[in-house]
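First the structure, in the form of structure tokens, and then the observations on it.
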Amino acid sequence: MKSPDAPPPASPTPGEDPLRPHTYDGIQEYDKRLPNWWLLTFYATIVFWIGYWMYFQQSGLSTSDGAKIDQHLAQVEAQKLAANAAFDDASLWKMSRNAVFVDAGRATFNATCASCHHATLIGGIGPSLVDAVWVHGAQPTQMLKVVNEGVLTKGMPAWGPILGPRKVSEVLAFILSHHTPPADLALATK
Amino acid sequence: MSDQKISITYNDRVVRQFLLATMLWGIVGMLVGVLVASQLNFWRLNFNLPWLTFGRLRPLHTNAVIFAFVGNMMFAGVYYSTQRLVKARLASDFLSSLHFWGWQAIIVAAAITLPLGFTRGKEYAELIWPINIAVALIWVVFAVNFFWTLARRNEPSLYVAIWFYIATIITVAMLYIVNHLSIPTSLLHSYPVFGGVQDALVQWWYGHNAVAFFLTTPILGIMYYFLPKAAERPVYSYRLSVIHFWSLVFVYIWAGPHHLLNTALPNWLQVLGMTFSLMLWAPSWGGMLNGLLTLRGAWHKLRTDPVLKFFAAAVTFYGMATFEGPLLSIKSVNALAHYSDWIIGHVHSGALGWNGFMAAGMIYWLLPRLWNRPLHSVGLANLHFWLGTVGILLYVAAMWTSGITQGLMLNATTEGGSVLAYPNFLDTLNTIRPMMLMRLIGGGLYLVGFLIMAYNLVRTIRGAQPVDGTIEVFARSAVPQEERLGAATTLFNPPVVFSALGTLFACVWMFGGPGLQIVGLFGGAISAILAVAHFATRGTRWAGWHERLLVSAASFTVLTFVAVAAGGLIQIIPTVVVNKAQNMEDRIATPYTPLELAGRDIYVREGCYNCHSQMIRTMVPDVLRYGDYSRMGESLFDHPFQWGSRRSGPDLARVGGKYNAAWHFVHMADPRATSPGSNMPAYPWLYTNRTDVASLYGKLNVQRMLAVPYPAMSPADVQASVEAQAKTITDELKATQQLTAPDREIVALIAYLQRLGKYETVAPRTAALQP
């Protein structure tokens, strides 16, 4: 092999860039400059690495992923608490006579609850919701609590965090629509 | 003997063998791919048979395509081009044959064991330990055969293709061995030595760099040989080859943690993974540029030559995939795309576009030369090209749409971000059904293209006379001592010293703590300035040194190894050596009971991780859907870790206790009974198979060796523990009229599933893992 200082051989066609002196199994090589945009891309990503690392690992200005999500979750929690406070027995019974709530609740029930409680609410893996037996309390707010927080020992998942207060109350309205409200609640039925 | 002219006949027989194997296993791998894609659409195609379920066949598909199809293609290309580039016959016909038949035996063993459920439970590293040893041995045979050939070369200087082959051989050996370290519990089963976050880090260091050094670097080498040959044009730029080779092999290794963004992986590793992935963009595109720009002056040939069509499209797909990769590594993009079909689309634009088309171009170029007969039909090759291209585009477009759609739906919230917009996971799955069908059509078209190639191949070689290449060369005189690099000049020279200084100062800056940070930053800046100044004034010395490096194969290999080893050492060693007890944040797992461990082994055997993750990311939608985000300590004793990479079904990290035992009992027998619209296979055999309790005693001993804090238990203790826990589960099932014997596998699996997400709280000690 020749030393790199040796003059390169003539190009195959005039006006072309010079070729490297060596050929490998007939393969020749130019030695063209690196494209500027390519070099700039490379340099920019290196600069980005330095800046990103400094900001997230060294500056003290960023919060960790854990702290960040804990903050977000606290906000979510506060919103849910505020929303949940609005429901009492009377308002839930009232919702159960409202076709909009009941229809919305039926859709969620069929997608989420029917696999254990059956689409006709007669029960299966989970207990029946149309009989008069209420294991965890017969008041609508007590039922709301069961749906929201679940009964983990019996395999009832906590649906509150997944469905959110609106969908949970709709489901409850759907369940209650299968029952008669107590006589002392004077509810206007359509 | 320097002037003596000798005649060399190349060993093209082994090239032909590998080429035919490529064709065969390519079709097998793609056929299994079409089958598993069909299973995602039509669950009945799981046939209720254990060895035909998605969870067992998907590993078969990935392993077949990577190791059987691309593996054989790589060996064919490497052996063909290396002999010609170094003007020497392969060193040993015996080793060449052993390599070929050994590799085929490994593939057959994999194709038998994977459907039978023998697996290590780590992606692309599923093969059981006896096969791992065979792979390592055959790889050594390949390495010896290759380097021995280099040692006998009659061409002193190493061409760029050979650089990439060297990087492939040493790096794959390193990755494969470290990620497959296991302790056997029987002839067919083992536990990986790493667990939890350590296993995750090692796995994706391997997984990502399997893509780099098995699917990319050898194929780049093949591109550098076959593309200029087919185009009959000089390679665009030698110095671009130099820069992109060294930056690629150095940077690639660091990028593995981008598979674990927003997870419980320590943050500094996530930041390294993301930033190095971005820095990888330019080095990858260096390869694409050198390929595409080599075609300058030959573009008109694309109209008539199917080989160049395939190569040009392959390099374009390579460029697209290597732009998409860094994009997906950005943490916020990854939050949308991870666990979704977008990732599946990304790997297929690489596998179908880059690997598959490079293979096709290479095969069409080699066939006439290896069998001395023109290709049977150029028209059919063109048809293959267009079918394949349309197939890829359909596939990739479907997966982009699917991934982004499902990602957006899963992450969508309403009511001020406090509630999931689509709480039912199956709503998101059923929305992407049309895209899953389109991907099946795209993949099917691609397979048809390959079948056409197989037909073309058979028609071309039938009755043809195989021919081996020959060459007349001057036997080379030894390279003069003063041209080769000695040990000192290998390590002490401007490029290496400045690179080492830069890396060293960068590490001091990143990990040095408050005082040393400044030292590292200034040291790094000064090294960079000095390097630029030195190169500006004495650049010819740098170039001259690299020319000398090219005639010194051993020095080249050593430096390549140093470059690829650096990133892995810096990332993995700190995570592995810190005491396990410190590796946990504020929670720690308790070891699984014997029955739960048996259930976990069933979970791994059935390949549940192919569709279910066990990692709730630090993202509000993940937490709203699946529960509190996962902590490092919670999977501390998981050998192997099961964080997963794709959610075709929901995350299971906290599924324990979410439903009752009866729900799982009904669900595993008929997933659609509890989850209407699900595409999960049914698992009827879990209700008849008996749990393997006999092996548990030995398995617990191995777990204890891996520092899982199990109390001492005799075989009788194990038996008693299993029976007691199984009884509580069958009693619970009986209360809801679900009857089963306590010794059935379903009971063990329920024990494991109901245990997921349980942990003990401990005082946080995260400081140890911060750099």
Residue within segment B:302-314 that is under 17 Å from residue A:42 (Cβ atoms), within 21 Å of the chain's Cα centre (by Cα) and outside the structural domain of residue B:204 (by TED's automatic domain parsing) present: no
Any hit, segment B:705-722, residues being hydrophobic (A, V, I, L, M, F, W, C), within 27 Å of residue B:184 (Cα to Cα), assigned to a loop (DSSP other than H, G, I, E, B) and in contact with a strand residue (DSSP E or B) (Cβ under 8 Å, 6 or more places away or on another chain): yes
Options B:210, B:200: the member that is crowded, with 24+ Cβ neighbours inside 10 Å and either over 30 Å from residue B:535 (Cα atoms) or of a type outside the set (S, T, N, Q) (or both): B:200
Criterion violated by residue B:242 - all others in (1) touching a Pro at 6+ places or on another chain (Cβ under 8 Å); (2) over 25 Å from residue B:308 (Cβ atoms) satisfied: (1)
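Quick grid of which residues meet (1) basic (Lys, Arg); (2) at pLDDT 95 or above; (3) in a helix (DSSP H, G or I):
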site: B:599; (1), (2), (3): no, yes, yes
site: B:604; (1), (2), (3): no, yes, yes
site: B:612; (1), (2), (3): no, yes, no
site: B:633; (1), (2), (3): no, no, yes
Residues that are among the β-branched types (Val, Ile, Thr) and either more than 9 Å from chain A (Cβ to nearest Cβ) or assigned to a loop (DSSP other than H, G, I, E, B) (or both), drawn from segment B:259-293: B:263
Qualifying positions in segment A:124-161 - within 24 Å of the chain's Cα centre (by Cα), more than 14 Å from every other protein chain (Cβ to nearest Cβ) and buried (at least 21 other Cβ atoms within 10 Å of the Cβ): A:144
Number of the exception - residue B:333 against (1) touching a residue at least 60 places away in the same chain (Cβ under 8 Å); (2) of a type in the set (Val, Ile, Thr); (3) in contact with a Leu (Cβ under 7 Å, 6 or more places away or on another chain): (1)
Members of segment A:101-123 that are of a type in the set (A, V, I, L, M, F, W, C) and farther than 13 Å from residue A:172 by Cβ: A:107, A:111, A:114, A:116, A:119, A:122
Qualifying residue in segment B:88-99 (condition: on the phi > 0 side of the Ramachandran plot and either touching a residue at least 60 places away in the same chain (Cβ under 8 Å) or not β-branched (Val, Ile, Thr) (or both)): no
Single residue of A:17, A:70, A:88, A:25 found to be surrounded by 13 or more Cβ atoms within 10 Å (Cβ to Cβ), touching a helix residue (DSSP H, G or I) at 6+ places or on another chain (Cβ under 6 Å) and either within 30 Å of residue B:80 (Cα to Cα) or modelled with pLDDT of 75 or more (or both): A:25
Output for segment B:117-130, where each listed residue is in a helix (DSSP H, G or I) and either of a type in the set (Phe, Trp, Tyr) or closer than 16 Å to residue B:99 by Cβ (or both): B:129
Close pairs (6 angstrom Cβ cut-off, 6 or more residues apart or separate chains): over 16 Å from residue B:342 (Cβ atoms) in segment B:421-437, among the β-branched types (Val, Ile, Thr) and in a helix (DSSP H, G or I) anywhere: B:422/B:428; B:423/A:162
Residue identified as farther than 19 Å from residue B:419 by Cβ and either among the aliphatic types (A, V, I, L, M) or outside the structural domain of residue A:74 (by TED's automatic domain parsing) (or both) among A:100, A:147, A:151, A:171: A:151
Selection status of residue B:219, assigned by TED's automatic domain parsing to the domain that holds residue B:96, without any contact (Cβ under 8 Å) to a residue 40 or more places away in the chain, closer than 25 Å to residue B:558 by Cβ and β-branched (Val, Ile, Thr): no
Residue under evaluation residue B:577, criteria (1) over 30 Å from residue B:712 (Cα atoms); (2) of a type in the set (Val, Ile, Thr); (3) free of Cβ contacts under 8 Å to residues at least 60 places away in the same chain, criterion not met: (1)
Residue match in segment B:7-15 (condition: of a type in the set (D, E, K, R) and either in contact (Cβ under 8 Å) with a residue 60 or more places away in the chain or part of a strand (DSSP E or B) (or both)): yes
Condition check for residue A:164: surrounded by 14 or more Cβ atoms within 10 Å (Cβ to Cβ), touching a residue at least 60 places away in the same chain (Cβ under 8 Å) and on the phi > 0 side of the Ramachandran plot: yes
Filter result for residue B:165 (at pLDDT 95 or above, closer than 30 Å to residue B:58 by Cα and within 14 Å of another protein chain (Cβ to nearest Cβ)): yes
Segment B:228-250 - residue that is in a helix (DSSP H, G or I) and among the charged types (D, E, K, R) and, of those, farthest from residue B:296 (Cα to Cα): B:239
Residue check for residue A:105: without any contact (Cβ under 8 Å) to a residue 24 or more places away in the chain and out of contact with any strand residue (DSSP E or B) (no Cβ under 9 Å at 6 or more places or on another chain): no
Near pairs, Cβ below 9 angstrom, 6+ apart or cross-chain, from segment B:534-546 (in a helix (DSSP H, G or I)) to any residue that is hydroxyl-bearing (Ser, Thr, Tyr) and surrounded by fewer than 17 Cβ atoms within 10 Å (Cβ to Cβ): B:544/A:3; B:545/B:489
Every residue from segment B:554-575 that is within 14 Å of chain A (Cβ to nearest Cβ) and at pLDDT 95 or above: none
Filter result for the condition that a residue is surrounded by fewer than 21 Cβ atoms within 10 Å (Cβ to Cβ), hydroxyl-bearing (Ser, Thr, Tyr) and modelled with pLDDT of 95 or more, over B:241, B:247: B:247
Cβ-Cβ under 8 Å pairs, at least 6 apart or on other chains, segment A:52-65 side within 7 Å of chain B (Cβ to nearest Cβ), far side surrounded by 13 or more Cβ atoms within 10 Å (Cβ to Cβ) and of a type in the set (Ser, Thr, Tyr): A:52/B:275; A:53/B:275; A:56/A:62; A:65/B:618
Of residues in segment B:616-675 being closer than 29 Å to residue B:399 by Cβ and among the basic types (Lys, Arg), the one nearest to the other protein chains (Cβ to nearest Cβ): B:625
Residue list for segment B:427-459, filter: aliphatic (A, V, I, L, M), over 18 Å from residue B:359 (Cβ atoms) and more than 14 Å from every other protein chain (Cβ to nearest Cβ): B:432, B:435, B:436, B:437, B:438, B:440, B:441
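The values are calculated or read from the model by the stated rules, or taken from the named source; none is laboratory data. Owing to the predicted nature of the structure, the values given are computational and were not obtained by experimental measurement. Using ideal geometry, Cβ is built from the backbone for each residue, glycine included, and neighbour counts are taken over all protein chains shown.
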